[in-house]
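The values are calculated or read from the model by the stated rules, or taken from the named source; none is laboratory data. Since we're looking at a predicted model, the values are computed, not measured. We place every Cβ from the backbone using ideal geometry, glycine too, and count neighbours over all the protein chains shown.
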Amino acid sequence: MTGHQALVPLPVVVPLLGAALTLLLANRPRLQRDVSVVGLSTSLVVAVVLLVEAYRHGPVVVRIGGWPPPVGIVLVADQLAALMVVVSSAVTLCVLLYSIGQGQGETGESAPLAIYHPTYLVLTAGVTNAFLAGDLFNLFVGFEILLAASFVLITLGGTEARIRTGSMYVVVSILSSMIFLAGVGLVYAATGTLNMAQLAQRLDALPDNVRLCLQLMLLLAFGIKAAVFPLSAWLPDSYPTAPAPVTAVFAGLLTKVGVYAIIRTETLLFPGGQVSGLLMVVAGLTMVVGILGAVAQSDIKRIFSFTLVSHIGYMIFGVALSTVAGLAGAIFYVAHHITIQTTLFLVAGLIEERAGSTDLRRLGGLARVAPLLAVLFFVPAMNLAGIPPFSGFLGKLGLLQAGVAIGGPLPWALVAAGTATSLVTLYAASRVWSIAFWREPRLATTEPTVRLPALMVGATAALVVLGLVFTVAAGPLFGVSTDAATDLRARTPYVRAVLPGGAP
Amino acid sequence: MNETGTTLVLVLVVGVLAGTGVTLLLERSLTRILLGIILLGNGVNLLVLIGGRSGVAPVVGTGPVDRMSDPLTQAMVLTAIVITFGLTAFLLAVAYRSWYLDGNDEVQDDLEDRQVAELAARRELPAPDLGGEGPDGDPEQVAPEPHLRRLRRTEEP
């Protein structure tokens, strides 16, 4: 086992150990914070090293317990997985700092609880485990880890509103897990393996109808988790009531884990695009219906919950194209969207902290009262809407170009829907801007000045800067995405890395 | 994969468990949903289990290797049972908390959705648009009304 292989499990193991430690330190809040920050920083550094290694020398594979692949489970850090782990670690670290900033001086209902840090660390461990899993059942376990942690976080404090929305979230999530587990069981029954590299070889030999059935089963499970249109109604209802950092990390990461699972299964296990048409229709509907929902809302958190659903459609569009350009666009868009969506929810939290509400009917004149907050909102909001220099524009452009390159009625319809969605997103974002920031000050905002904790502002600013880094470094990032997409399409780099001796 | 064959009885049991589970999931009461999840979970676990080969205990030395049952499905089901157990316990706690706070354990409608629907029925915008003060300039006028707070199904006798 080389040094780099030893690094692969760390982004999962370190947060889990941190969770155990922070649980023991429940009565020492300061130490608890330090442990969490050190743990997630370590994950981030390890993830960056893994990404560089995967980019230079191909996928890094580690066999857990030394068992050879079809018997034991493997963790695989290929470029896609490593990139996702880097982005998610950076985002979770920033959100952690934000929540630490918020915890200082908080009282009452949303006061920090000793359980927050351990649960948060378990959540990050689950997310990275899902990204690195090289085995379908391990992917399921990763999902369960992150879901169990998310249940605790979404009902944090157990207030009436959170229990109301949380109970629905829990039921929907458990249902999607059941479907996933049934899919895993059926895949095993049909092929006799769950190792993804081996599945890539064996699924091809199955009759087409059995294969399609398995594919749709997994797609349904991941579709619920990723909040793809007909399966997305749970999201805007359940996310906004949670504490701001929790909503931010859920919005940024949890749906993207579902998107990642869709990308992985559609390319590695079920290539060939049998369901391209279905995915395209669903992607178009997700974009349009989602963004129309955003326009109808009057609460900033809910508006961004709907844009979150809407923009999942762009990623599904890229997957549906199943070309290198389409997948590269989707991967770039996932990285961009994780950062931007998290930033916007953190800013919504800052607005709530500063003005006492995120309801547009109660906000106004924030640009004058809090100019820094206005900048922190404006940059990611315009980035989300896809205004030219930003990464949102570049990601959308990449996807639309990939759609045009394919041609045909359905891709062209999707290009039109994508452009329209981008415009309506701009409308939704500028509506928030005009009402909350430019309008004459309202009741809630003329209250005595609240100083926002520096750490909260700093963490949000760091994420805004990360979004800008994606813009400036879009060239290299698109390079990595294209490379990852080429490997995904070819499948052999992944399969050969996991099963060096060929099919056993 | 399945030389010894899966009996029809097991398949029917999976079907019945999943069917009753889904039916209960469609209820509004969290307790019934919980029961539905338990039934559905057991059905899915059984489905995973019958995906592997059946036979003698998979311990080396106790029987011929080619007649052993598949240990992998058993391991997976064991994991799945633990997970289902944990999540069920959590949902039970949520249902209890809901009952404690609210006097019932019914899943409620989303407040904001109802508000948007009511506004649409009255042909009003969700918020005054683009800077204008509009007729509803006073924010208190459009604050959530008390009767919108909850939509509850009529209590059963």
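In table form, for the structure just shown:
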| quantity | calculated |
| --- | --- |
| Only one of A:VAL37, A:VAL48, A:VAL13, A:VAL71 that is of a type outside the set (Asp, Glu), out of contact with any Gly (no Cβ under 9 Å at 6 or more places or on another chain) and over 30 Å from A:TYR116 (Cβ atoms) | A:VAL71 |
| Residue list for the stretch A:143-163, filter: assigned to a helix (DSSP H, G or I) and without any contact (Cβ under 8 Å) to a residue 40 or more places away in the chain | A:GLU144, A:ILE145, A:LEU147, A:ALA148, A:ALA149, A:PHE151, A:VAL152, A:GLY158, A:GLU160, A:ILE163 |
| Only listed residue being surrounded by fewer than 16 Cβ atoms within 10 Å (Cβ to Cβ), over 19 Å from A:GLY290 (Cα atoms) and either of a type outside the set (D, E, K, R) or modelled with pLDDT of 90 or more (or both), chosen from A:THR446, A:THR460 | A:THR446 |
| Verdict on B:ARG97 being more than 20 Å from A:ILE179 (Cβ to Cβ), surrounded by 14 or more Cβ atoms within 10 Å (Cβ to Cβ) and touching a helix residue (DSSP H, G or I) at 6+ places or on another chain (Cβ under 7 Å) | yes |
| Where a residue in the stretch A:184-201 is farther than 15 Å from A:GLY72 by Cβ and its partner, wherever it lies, is of a type in the set (Lys, Arg), with Cβ under 7 Å and at least six apart | A:THR191/A:ARG202; A:ALA200/A:ARG491 |
| The lone exception for A:PHE304 - which of (1) away from chain B (no Cβ under 14 Å); (2) under 21 Å from B:ARG114 (Cβ atoms); (3) without any contact (Cβ under 8 Å) to a residue 60 or more places away in the chain it fails | (1) |
| Spans of helices (runs of 4 or more DSSP H) in the stretch A:316-426 with at least 2 residues of a type outside the set (Lys, Arg) and crowded, with 24+ Cβ neighbours inside 10 Å | A:324-355, A:371-385, A:391-406 |
| Test: A:VAL309 is out of contact with any Cys (no Cβ under 8 Å at 6 or more places or on another chain), surrounded by fewer than 24 Cβ atoms within 10 Å (Cβ to Cβ) and at pLDDT 90 or above | no |
| Meets criteria (within 23 Å of the chain's Cα centre (by Cα) and within 14 Å of chain B (Cβ to nearest Cβ)) for A:ASP299 | yes |
| Exclusive hit being modelled with pLDDT under 85 and either farther than 27 Å from A:GLY356 by Cβ or touching a Phe, Trp or Tyr at 6+ places or on another chain (Cβ under 8 Å) (or both), set A:GLY403, A:GLY475, A:GLY501 | A:GLY501 |
| Yes/no for B:GLY103 being away from chain A (no Cβ under 12 Å), over 17 Å from the mean Cα position of the chain (by Cα) and on the phi > 0 side of the Ramachandran plot | no |
| B:GLN108 being at pLDDT 70 or above, in a loop (DSSP other than H, G, I, E, B), at the interface with chain A (Cβ under 9 Å from one of its Cβ atoms) and surrounded by 15 or more Cβ atoms within 10 Å (Cβ to Cβ) | yes |
| Candidate set from the stretch A:427-442 (those that are assigned to a loop (DSSP other than H, G, I, E, B) and of a type in the set (Lys, Arg)); member that is farthest from A:THR307 (Cα to Cα) | A:ARG442 |
| Cβ-Cβ under 8 Å pairs, at least 6 apart or on other chains, the stretch A:452-477 side among the β-branched types (Val, Ile, Thr), far side modelled with pLDDT under 90 and surrounded by fewer than 15 Cβ atoms within 10 Å (Cβ to Cβ) | A:VAL457/A:LEU372; A:THR471/A:PRO389 |
| Of the criteria (1) surrounded by fewer than 17 Cβ atoms within 10 Å (Cβ to Cβ); (2) touching a Ser or Thr at 6+ places or on another chain (Cβ under 8 Å); (3) at the interface with chain A (Cβ under 9 Å from one of its Cβ atoms), which one B:GLY55 fails | (3) |
| Tally, over the stretch A:139-164, of residues that are more than 7 Å from chain B (Cβ to nearest Cβ), polar (S, T, N, Q) and buried (at least 23 other Cβ atoms within 10 Å of the Cβ) | 1 |
| Of the criteria (1) modelled with pLDDT under 85; (2) of a type outside the set (Gly, Ala, Ser); (3) in contact with a helix residue (DSSP H, G or I) (Cβ under 8 Å, 6 or more places away or on another chain), which one A:THR2 fails | (3) |
| Residue list for the stretch A:262-299, filter: among the hydroxyl-bearing types (Ser, Thr, Tyr) and not in a helix (DSSP H, G or I) | A:SER298 |
| Members of the stretch B:79-101 that are within 27 Å of A:ASN138 (Cα to Cα) and not aliphatic (A, V, I, L, M) | B:THR79, B:THR84, B:PHE85, B:GLY86, B:THR88, B:PHE90 |
| Tabulated pairs, the stretch A:94-120, first surrounded by 13 or more Cβ atoms within 10 Å (Cβ to Cβ), second modelled with pLDDT under 85 and hydroxyl-bearing (Ser, Thr, Tyr), C-beta under 9 angstrom, 6+ apart or interchain | A:GLN102/A:SER110; A:SER110/A:THR159 |
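Rundown of residues vs (1) of a type in the set (Gly, Ala, Ser); (2) farther than 17 Å from A:SER298 by Cα; (3) in contact with a Pro (Cβ under 7 Å, 6 or more places away or on another chain), yes/no style:
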position: A:ALA355; (1), (2), (3): yes, no, no
position: A:THR358; (1), (2), (3): no, no, no
position: A:ALA367; (1), (2), (3): yes, yes, no
position: A:LEU373; (1), (2), (3): no, yes, no
position: A:MET382; (1), (2), (3): no, yes, no
position: A:PRO389; (1), (2), (3): no, yes, no
position: A:LEU400; (1), (2), (3): no, yes, no
position: A:ALA405; (1), (2), (3): yes, yes, no
position: A:PRO411; (1), (2), (3): no, yes, no
